[in-house]
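Chemist: Take this structure, written in C-alpha cells, and hold onto it; I'll ask about it next.
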There are 2 protein chains.
Amino acid sequence: MEQTEREEKRSMRRRPGAERLLEVAADLFYREGIRAVGVDTISQRAGVSKRTLYNRFGGKDELVAEYLRRRDERWRAYLQGVTESVVEPREKLLAVFGAYGEWLVGEDFRGCAFANAAAEIPDHNHPARIVAQRHKEGIKEHLAGLAKDAEFDEPESLAERLLLLLEGATATAAMRRRREPLDVARSIALELLDARRH
Amino acid sequence: MEQTEREEKRSMRRRPGAERLLEVAADLFYREGIRAVGVDTISQRAGVSKRTLYNRFGGKDELVAEYLRRRDERWRAYLQGVTESVVEPREKLLAVFGAYGEWLVGEDFRGCAFANAAAEIPDHNHPARIVAQRHKEGIKEHLAGLAKDAEFDEPESLAERLLLLLEGATATAAMRRRREPLDVARSIALELLDARRH
DNA sequence: CTGTAACTACACAGACCTGTGTAGTTTGTG
DNA sequence: CACAAACTACACAGGTCTGTGTAGTTACAG
C-alpha cells in the first residue's frame with residue numbers, strides 16, 4: 001500500500017509536465033478547435049515550458065493524436081462502465097443512448113471531438129485521423145458485442161445502424177445544442193430493436 | 001430577351017471579382033478547411049487583389065458566410081430538382097437519400113460543409129454558424145413538406161427522423177469515405193416509412 | 001470630356017504560428 | 001557527492017495570418 005503510493009507518486013513525478021500539457025490541450029482543443037490553439041498557449045497555461053512540450057510529444061500533430069487517444073480511452077471506459085451496470089442485454093444497448101444523451105446536453109458540449117478533428121484535418125493519414133477512425137470502429141465493436149449478447153440476428157448490421165443513429169444525434173446536437181436529437185435517435189433505435197424482437 | 005442579356009452581362013461585369021472570389025473560396029474552404037485557407041491565397045488564386053476582397057466582403061468572416069449561403073442555395077435547388085422529377089410522393093422522400101448518396105461517394109467528398117464549419121467555429125453567433133443552422137432547418141422543412149404530401153401522419157416528426165439519418169450517414173461517411181453509411185441510412189428510412197404505411 | 005465605381009499594386013502593421021538552439025537549473029538516485 | 005533526466009528561460013528563425021492605407025489605373029455612363 002505504502003509502496004504503491006510511492007510508486008504512483010514517482011510515476012506522477014516522472015513526467016508531471018506531460019500530464020499537465022495533455023489536460024490543458026484536451027480542454028482547449030475541444031473547446032476552441034485544434035487549429036485555433038497554439039502550442040505557446042498550451043504550454044503557458046500548463047505552466048510548462050514550450051521546450052518540454054516538444055521534448056515529450058515531438059510536435060503539435062502528435063499532441064493532437066494523444067489528446068484523441070486519451071479521449072477515446074476514457075469514453076470507452078465510461079461506456080463500458082455504463083453497460084456493465086445494466087443487467088438486461090437488450091437494455092444495455094439502450095443504456096448506450098442514455099450515455100450519449102447525458103453528454104450532449106451538457107453546457108460544454110461542442111460536438112464529437114473525433115468528427116471535429118476530421119473536419120479540421122483534411123489529411124487522411126494524419127495520426128489524429130487514424131485515432132478518430134479507430135474510435136468509431138471501437139464503438140461499433142462494442143455495440144456489436146452487446147447486440148450479440150442480446151441474441152439479435154445480424155448483430156453487426158444492427159450495430160452499424162445504431163452507430164449511425166448516434167452519429168446523427170451527435171451531429172445534429174452539435175449544430176444547436178438540444179436534447180431532442182438524442183430522443184429521436186433513441187426512439188428510432190427502439191423501433192429497430194422491436195422490429196427484431198424474438 | 002436582348003435587354004435581359006445585356007443586363008445579365010452588366011451585372012456580371014459589375015462585380016466580376018466578387019464572383020471569382022466566391023468560387024475559389026468555396027473550393028478551398030471546403031477542401032482544406034476554413035481556418036487553413038488565408039485571404040491572400042484566395043485573392044491570389046482568384047486573380048483579384050486582396051483589397052477587392054475586403055471591399056466586397058468586409059472581411060473573411062463574411063466571405064465564409066457567403067460561401068455557405070451559396071452552397072445552401074445550390075444544394076436546396078438541386079434537391080428541389082431531384083424531388084420534382086419523381087412522381088410518387090413516397091418515392092420523393094427516398095429520392096432525397098439518392099441525392100445524398102451520389103454526393104458522398106464522390107472523390108472530392110469532405111463531409112458536410114455546414115457541419116465542418118460548425119466544428120471549426122466555436123462561436124455560435126458567427127454569421128457562418130447561423131447560415132449553417134438555417135441550412136439544416138431548410139432541409140428539414142423540405143422533408144416535412146414531402147412527408148405531408150405523402151400523407152404520413154406526423155410529417156414533422158418523420159422529417160426529423162429522416163434528417164437525423166442523413167446527418168448520421170454524412171458524418172459516418174466523412175470519417176472514412178464509403179457508400180455503406182448511406183445504404184444503412186436508406187434502409188432504416190425504408191423501415192420507418194413501411195412502419196407508417198397506410 | 002468628366003465623374004465615378006471597380007479595381008490593381010504594393011507596402012505595412014501587428015499579431016500569431018510551429019519549431020529549434022542553447023545555456024543553465026532542479027530533482028531524485030546510486 | 002556525482003550523475004543524468006527533466007525541466008526552465010529565452011531568444012530566434014522563418015513563416016503565416018487578417019486587415020489597412022495609399023496612390024494610381026481601367027471602364028463606362030451621362
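The values are calculated or read from the model by the stated rules, or taken from the named source; none is laboratory data. For clarity, every value in this text was computed on a predicted model and none was experimentally measured. We place every Cβ from the backbone using ideal geometry, glycine too, and count neighbours over all the protein chains shown.
Chemist: What number of residues in segment A:38-53 are near DNA strand C (Cβ under 9 Å from one of its atoms), surrounded by fewer than 17 Cβ atoms within 10 Å (Cβ to Cβ) and away from every other protein chain (no Cβ under 14 Å)?
Modeler: 6
Chemist: Quick check on my filter: what residues within segment B:137-183 are closer than 17 Å to B:Trp75 by Cα and among the β-branched types (Val, Ile, Thr)?
Modeler: Passing the criteria: B:Ile139, B:Thr170.
Chemist: Moving to a separate point now. Residue check, B:Tyr67 against (1) away from DNA strand C (no atom under 14 Å from the Cβ); (2) in the same structural domain as B:Leu21 (by TED's automatic domain parsing); (3) not β-branched (Val, Ile, Thr), all met but one. Which one?
Modeler: Condition (2) is where B:Tyr67 drops out.
Chemist: Could I ask something else about it? Taking the stated definitions as given, is B:Ala65 over 15 Å from B:Glu120 (Cα atoms), under 17 Å from the mean Cα position of the chain (by Cα) and in a helix (DSSP H, G or I)?
Modeler: Criteria not met by B:Ala65.
Chemist: Check A:Ala171, A:Ala144, A:Ala195, A:Ala119 and return the single one that is in contact with an Asp or Glu (Cβ under 7 Å, 6 or more places away or on another chain), of a type in the set (A, V, I, L, M, F, W, C), buried (at least 22 other Cβ atoms within 10 Å of the Cβ) and without any contact (Cβ under 8 Å) to a residue 40 or more places away in the chain.
Modeler: Step by step, each of A:Ala171, A:Ala144, A:Ala195, A:Ala119 is checked, and only A:Ala119 is in contact with an Asp or Glu (Cβ under 7 Å, 6 or more places away or on another chain), of a type in the set (A, V, I, L, M, F, W, C), buried (at least 22 other Cβ atoms within 10 Å of the Cβ) and without any contact (Cβ under 8 Å) to a residue 40 or more places away in the chain.
Chemist: Which numbered condition trips up B:Met12, out of (1) at pLDDT 95 or above; (2) more than 10 Å from DNA strand D (Cβ to nearest atom); (3) hydrophobic (A, V, I, L, M, F, W, C)?
Modeler: The single condition B:Met12 does not satisfy is (1).
Yes/no matrix, rows are residues, columns are (1) within 11 Å of another protein chain (Cβ to nearest Cβ); (2) outside any loop (DSSP other than H, G, I, E, B); (3) of a type in the set (A, V, I, L, M):
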position	(1), (2), (3)
B:Val86	no, no, yes
B:Glu91	no, yes, no
B:Glu102	no, yes, no
B:Gly111	yes, no, no
B:His135	yes, yes, no
B:Ala147	no, yes, yes
B:Glu151	no, no, no
B:Ala174	yes, yes, yes
B:Glu191	yes, yes, no
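Chemist: Based on this model, can you work out whether A:Gly101 counts as in contact (Cβ under 8 Å) with a residue 24 or more places away in the chain, surrounded by 14 or more Cβ atoms within 10 Å (Cβ to Cβ) and assigned by TED's automatic domain parsing to the domain that holds A:Thr172?
Modeler: For A:Gly101, the condition - in contact (Cβ under 8 Å) with a residue 24 or more places away in the chain, surrounded by 14 or more Cβ atoms within 10 Å (Cβ to Cβ) and assigned by TED's automatic domain parsing to the domain that holds A:Thr172 - is met.
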